[in-house]
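Trainee: I'd like to ask you about the structure that follows.
The values are calculated or read from the model by the stated rules, or taken from the named source; none is laboratory data. From a predicted model like this one, the values you see are computed outputs, not experimental measurements. Counting neighbours? That spans all protein chains shown, and the Cβs are built from the backbone with ideal geometry, glycine included.
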Amino acid sequence: MPEKVTLLSVYRYLPQTNCGECGEPNCMAFASKLLDRRATPDNCPPLKKPKYKEQLAKLIELIAPPIKEVKLGVGENLVKIGGKEVMYRHELTYHNPTAIAIDVSDTMDDDKIVERCKKIESISIVRIGDTLKVNMIAVRCASKDPDRFSYVVSLVARSCNLPLILCSFDPKILRAALEKGQVANKRPLLYAVTEENWREFSELAKQYDCPVAVFAPNNLSLIKSLIKTLQAIGIHDIVIDAGSYTEGNLLRDSVNNFIMIRRAAIKRGDKDLGYPIMAVPAVVWMVENQEPVIASYREACMASLFMNRFADLLIMHTSEIWALLPVLTLRQNIYTDPRKPVSVESGLRVIGKPDEKSPVFLTTNFALTYFTVANDLESAGINCYLLVLDAEGLAVEVSVAGGQFNPSKVKDLFTSSGIEKMVKHKKLIIPGLAARLKGEIEDLTGWEVIVGPRDSSQIKSFLTKYWA
Amino acid sequence: MAIFLGDEIEEKEEIKALMKSLAKFIEKLGDLELENVEIRAEELTFIIQPMVGFTAQIPQITQKVEKKIETLLKAEFSPPIETYPGTITEVKIGATRSEGGSRRKVIKIGGEKTMPFYSFEALNPNKPAIAMDIFDMPIELAKSVRQHFEDVMHDPAEWAKRQVEDFGAEIVSLNLISTDPLIKDTSPKEAAKTVENVLQAVDVPLIIGGSGNKAKDPLVLEAAAEVASGERCILNSANIDNDYKRIARAAKQHNHIVVAFTPMDINNQKKLNRLLLDEGLSKEQIIIDPTTAALGYGLDYTLSLMERIKLAGLLGDPDLQMPILASTSNSWGAREAWMKSEEWGPKEYRGPLWETVTTITAMMAGGDLFMLSHPATVRIIKRLIESLYGEVNADQRIQDWITDIGL
């Protein structure tokens with residue numbers, strides 16, 4: 001929401017009855033939740049009464065983020081994009097992670113299409129408690145044949161549950177897909193409105209109540225004109241494609257366009273540009289005779305670049321997991337809430353069924369480090385104790401360098417966890433990356449310190465060598 | 001909702017039926033708003049049939065009729081340009097003969113007037129620079145990195161040459177890790193010899209790094225500064241809790257640059273920068289390293305810190321106007337970069353890509369100088385920087401991507 005919105009200006013539109021139905025003690029507390037987006041007006045039951053209708057509308061307008069939130073698809077796999085409040089994540093947090101779509105061409109054989117859809121939908125990598133997934137499928141009409149396209153759209157819709165992007169600049173082809181492709185009520189994103197097709201396209205979008213993308217490569221005045229026109233027609237679920245060139249000076253222009261669009265919307269309050277932005281890194285595949293490995297690599301780089309500069313939706317072509325994993329991981333990084341430390345509680349964890357002879361490991365409370373180590377110990381079937389040190393949510397290497405991981409904290413952890421009474425030996429296994437603390441920990445605790453592997457994936461083979 | 005109303009609507013049975021159900025609907029809701037209804041009629045009369053038991057008031061009908069749009073509504077875009085009161089300090093790395101050193105190439109970084117690559121509002125004068133890592137002893141490295149220089153890892157001078165001549169390093173980052181008391185405890189004097197050898201082997205500027213041992217590093221860097229006197233090397237690094245005064249003095253005496261390293265803490269970064277300035281270093285002699293975490297391992301902290309620091313500098317905070325060093329080769333510590341895994345696909349591609357994506361992110365957030373390990377990352381990042389500076393004219397057509405990207 002714009003900076004000028006204050007607690008009082010939000011409070012003004014609430015019922016001010018302090019009824020508590022929202023779960024907050026009073027309306028002011030609820031206003032504060034609305035302000036930092038931990039609640040929505042929906043959470044206030046009284047506001048739904050007819051007498052508050054006008055107030056509610058004003059409230060919604062007041063707290064609307066400068067970048068509209070656009071919903072793609074329906075049901076459990078519905079994807080929300082946009083809804084951004086700020087230019088930089090440290091100013092608040094970024095809402096709605098960049099949606100990632102992978103393309104399917106209607107010129108592929110039917111069985112390949114089904115196979116590709118299943119592959120895309122099955123991509124699933126668990127990382128720090130999140131499951132990283134691809135969110136959408138973009139069906140491209142490369143055949144230019146309305147019948148083929150609508151058949152393939154229905155085939156894709158039957159093969160997977162992901163929301164779709166229907167790609168063709170020909171409104172007749174999209175109409176065919178909406179009429180016969182069995183997706184008319186599933187709110188696919190219609191790609192894309194252009195200077196040539198906007199009349200027929202907007203009719204289609206209205207008739208089927210679908211979100212639309214506008215496409216005008218490297219021409220922001222045209223983007224604005226198209227959006228202004230769509231708004232006048234009554235279309236408000238819009239995604240901007242100002243072109244995502246990937247080479248030379250055109251790449252420079254595209255990056256500049258992304259930045260300018262976002263800044264115009266957030267800093268200047270430009271309502272024409274207050275919509276999610278999309279990039280199509282898949283265009284790197286338009287180069288002929290290119291090694292697929294090179295193309296996948298370049299595509300992942302471009303996806304990362306545009307995601308770093310405000311892209312809310314990406315259409316990609318590669319389905320190689322080695323190329324997607326860094327992009328999915330980057331998305332997870334960018335969209336963590338900087339207001340929350342990514343840490344777990346420090347203290348003692350029991351893995352398996354340890355006894356007084358079992359090994360004692362030490363790690364930090366950075367969530368990823370902890371989950372990785374705990375998971376490696378569990379999957380290797382090691383019965384042990386794991387001491388989790390409060391390194392202020394940092395990983396081992398960084399916290400050793402920065403002093404958050406230090407011998408006196410290890411000593412305190414010994415005391416608070418009671419580990420000295422649980423085992424009969426006095427041996428502590430520390431992370432390989434904390435090797436330089438060995439001497440000091442030994443001096444301070446009187447325990448023997450064994451330097452473990454640099455990565456916990458090596459723990460099992462390490463134990464067979466160093467733990468009788 | 002689409003109702004097409006003709007001239008004689010009052011007489012049509014279906015309209016009457018429609019009105020009847022409309023009236024019932026209105027009775028329930030109280031009022032009615034017609035949204036997005038196209039009404040093609042000169043005059044519109046609603047006749048609601050009187051009905052037994054029907055007592056609803058005739059409602060107010062508000063019309064929100066959108067005009068039929070015939071031509072595109074024109075709008076002009078003008079770039080939302082901002083200016084910043086501050087400028088990032090320009091730091092010159094390396095010194096030529098006429099400047100008291102022996103480098104044939106010097107590199108300038110910093111000098112930004114706006115955020116990275118916001119070239120619509122200002123062109124930042126210096127492109128980000130690329131340093132490649134070497135070590136003063138063979139170390140454990142991921143195979144996909146190691147294979148490019150395995151044969152020269154025993155000889156830092158040859159290793160440095162390889163990085164410069166074959167892989168295009170603009171700066172060599174020599175890490176004197178063997179000086180660590182827990183590794184080989186190489187003496188500062190011995191380590192300084194390695195520095196001399198590398199200086200003779202290549203003509204690009206050097207970053208000279210210690211082992212990370214707080215007690216030993218200042219001594220090692222001091223000895224290195226002396227043998228490299230006048231070369232404007234980068235001494236890596238001064239910390240709040242090591243003898244940064246000794247490092248600053250050596251830099252001042254022998255014309256070098258100091259890296260101010262802090263672990264993920266903007267306030268400590270400011271503090272250390274001020275302490276170094278107080279020691280008599282000029283702003284042109286400080287580069288800051290606010291900690292680079294790998295993709296997936298805290299890169300979110302790094303990117304936000306770099307953005308905050310760069311913005312603060314541009315907004316005029318003199319303690320944060322130094323260029324930023326990003327040791328993105330740290331990404332090789334991430335298991336996704338080196339570990340064999342069926343689930344994650346071939347590590348030969350995944351590894352360098354992990355480093356490349358980490359570097360892209362740090363670069364977009366404000367990094368000015370990168371320490372890299374893999375030649376592919378160097379190649380790609382250099383090409384990317386040239387593109388983002390508009391130095392390559394592209395003839396790329398994307399209009400027909402829907403049909404033309406193949407299967």
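Trainee: Among the residues of the stretch A:175-184, which ones are touching a Phe, Trp or Tyr at 6+ places or on another chain (Cβ under 8 Å) and not in a helix (DSSP H, G or I)?
Mentor: Once the filter is applied, which keeps residues that are touching a Phe, Trp or Tyr at 6+ places or on another chain (Cβ under 8 Å) and not in a helix (DSSP H, G or I), the stretch A:175-184 yields A:GLY181, A:ALA184.
Trainee: Considering the stretch A:120-130 alone, what residues qualify as being part of a helix (DSSP H, G or I) and touching a strand residue (DSSP E or B) at 6+ places or on another chain (Cβ under 9 Å)?
Mentor: Residues satisfying the conditions are A:ILE120, A:GLU121.
Trainee: Quick one: B:GLU307 ticks every box in (1) facing another protein chain (nearest Cβ under 8 Å); (2) in a helix (DSSP H, G or I); (3) more than 30 Å from B:GLU121 (Cβ to Cβ); (4) not β-branched (Val, Ile, Thr) bar one, so which box is it?
Mentor: So the condition that B:GLU307 fails would be (3).
Trainee: Scan the stretch A:449-468 and report the pairs whose first residue is touching a residue at least 12 places away in the same chain (Cβ under 8 Å) and whose second residue is surrounded by fewer than 16 Cβ atoms within 10 Å (Cβ to Cβ) and part of a helix (DSSP H, G or I), with Cβ atoms within less than 7 Å and a gap of 6+ or a chain change.
Mentor: Correct list of pairs: A:VAL449/A:GLU442; A:ILE450/A:TYR466.
Trainee: Report the residue count in the stretch A:219-236 for those that are facing chain B (nearest Cβ under 9 Å) and outside any helix (DSSP H, G or I).
Mentor: Selection size over the stretch A:219-236: 2.
Trainee: Pick from A:SER105, A:SER32: which is polar (S, T, N, Q), in contact (Cβ under 8 Å) with a residue 24 or more places away in the chain and more than 30 Å from A:LEU189 (Cα to Cα)?
Mentor: Criteria check complete, one pass: A:SER32.
Trainee: Next up: State yes or no: is A:ARG339 outside the structural domain of A:ILE81 (by TED's automatic domain parsing), surrounded by fewer than 24 Cβ atoms within 10 Å (Cβ to Cβ), in contact (Cβ under 8 Å) with a residue 12 or more places away in the chain and not hydrophobic (A, V, I, L, M, F, W, C)?
Mentor: Yes, satisfied.
Trainee: Then there's this: So for the stretch A:172-179 (the condition being within 30 Å of the chain's Cα centre (by Cα), crowded, with 23+ Cβ neighbours inside 10 Å and touching a residue at least 60 places away in the same chain (Cβ under 8 Å)), does at least one residue qualify?
Mentor: So far as the stretch A:172-179 goes, no, none of its residues is within 30 Å of the chain's Cα centre (by Cα), crowded, with 23+ Cβ neighbours inside 10 Å and touching a residue at least 60 places away in the same chain (Cβ under 8 Å).
Trainee: For the condition at the interface with chain A (Cβ under 9 Å from one of its Cβ atoms), assigned to a loop (DSSP other than H, G, I, E, B) and crowded, with 23+ Cβ neighbours inside 10 Å, what is the one hit in B:TYR297, B:TYR301?
Mentor: On inspection, the qualifying residue turns out to be B:TYR297.
Trainee: Okay, next question. Just one of A:GLY452, A:GLY439 is in the same structural domain as A:PRO354 (by TED's automatic domain parsing), surrounded by fewer than 16 Cβ atoms within 10 Å (Cβ to Cβ) and over 19 Å from A:ASP355 (Cβ atoms); which is it?
Mentor: A:GLY439
Trainee: Follow-up. If you take the residues in the stretch B:310-336 that are among the acidic types (Asp, Glu) and in a helix (DSSP H, G or I), which one is farthest from the other protein chains (Cβ to nearest Cβ)?
Mentor: Filtering the stretch B:310-336 for residues that are among the acidic types (Asp, Glu) and in a helix (DSSP H, G or I), the one farthest from the other protein chains (Cβ to nearest Cβ) comes out as B:ASP319.
Trainee: Right, A:ASP42: in a helix (DSSP H, G or I), of a type in the set (D, E, K, R) and outside the structural domain of A:PRO163 (by TED's automatic domain parsing) or not?
Mentor: So A:ASP42 fits the description; yes.
Trainee: Sticking with this one: Taking the stretch A:237-260, which residues are of a type in the set (Val, Ile, Thr), closer than 13 Å to A:PRO217 by Cα and either at the interface with chain B (Cβ under 9 Å from one of its Cβ atoms) or part of a helix (DSSP H, G or I) (or both)?
Mentor: A:THR246, A:VAL255, listed by residue number.
Trainee: Being within 10 Å of chain A (Cβ to nearest Cβ), in a helix (DSSP H, G or I) and under 30 Å from A:ASN365 (Cα atoms) is the requirement here; does B:THR403 meet it?
Mentor: No.
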